[in-house]
Amino acid sequence: MHYAEKLALSGQNVEAIFQKVKSLRTLMNAYFVVDDLKYLIKNGRLSNITGTIGILAKIKPILNLNKEGKITTKEKVRTHFKAVERMFELIKDETKDYKKVTYMVLHTNRLEDALIFKAHIEKEMQNVKQVLISTITPTVGAHIGSKILGAGYVIEDDYDIL
């Protein structure tokens with residue numbers, strides 16, 4: 001059952017539901033490690049020159065799905081392994097002060113890596129309510145490509161969202 005549905009069943013009016021759901025933006029975040037820059041070049045997010053240099057230098061951008069729903073570059077890291085580790089550090093740091101967090105591991109064509117990342121979260125984080133694995137939606141995937149590994153979270157200390 002979705003959070004909005006829970007609110008509706010508890011008797012909340014539409015305006016109250018809208019405001020509560022909208023306020024959840026501050027309690028969630030998501031990052032994605034892009035392994036193959038060619039999709040970012042094709043859709044115009046990177047120029048051919050910048051993309052080629054990035055490919056040669058093994059740059060793996062960490063993208064962030066920001067509070068407005070836009071994909072932005074958070075950091076650029078050399079090598080896929082280091083980028084995935086940095087993504088882990090980002091979510092760990094952002095959630096360290098909370099007691100109940102649902103983590104999400106997102107991927108396109110990287111299920112094995114997603115399972116490893118899930119196990120890493122379960123082992124290292126003390127505040128895990130649950131860890132969900134999901135494929136990245138085609139809408140997001142069309143912008144950032146295939147072979148993506150992502151991670152996100154929803155802070156549930158004061159809510160029963162998921």
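The values are calculated or read from the model by the stated rules, or taken from the named source; none is laboratory data. Fair warning: this is a prediction, and the values are worked out from it, not measured in the lab. Reconstructed Cβ throughout: ideal geometry from the backbone, glycine too, with neighbour counts over all protein chains shown.
Of everything in region 64-85, what is in contact (Cβ under 8 Å) with a residue 24 or more places away in the chain and closer than 24 Å to LYS129 by Cβ? Give them in sequence order.
Within region 64-85, ASN64, LEU65, LYS67, VAL84 qualify.
For THR79, only one of the following conditions fails: (1) surrounded by fewer than 18 Cβ atoms within 10 Å (Cβ to Cβ); (2) in contact with a helix residue (DSSP H, G or I) (Cβ under 7 Å, 6 or more places away or on another chain); (3) of a type in the set (Ser, Thr, Tyr). What is its number?
(2)
Among what's in region 101-120 and is touching a helix residue (DSSP H, G or I) at 6+ places or on another chain (Cβ under 8 Å) and of a type in the set (Ser, Thr, Tyr), pick the residue that is surrounded by the fewest Cβ atoms within 10 Å (Cβ to Cβ).
THR108
Looking for something more than 18 Å from ALA30 (Cβ to Cβ) and either crowded, with 17+ Cβ neighbours inside 10 Å or among the β-branched types (Val, Ile, Thr) (or both) - is there at least one such residue anywhere in region 60-69?
Within region 60-69 (the criterion being more than 18 Å from ALA30 (Cβ to Cβ) and either crowded, with 17+ Cβ neighbours inside 10 Å or among the β-branched types (Val, Ile, Thr) (or both)), the answer is no, since none of the residues qualifies.
Tell me, which helices (runs of 4 or more DSSP H) wholly within region 1-96 include 3 or more residues that are modelled with pLDDT of 85 or more?
80-95
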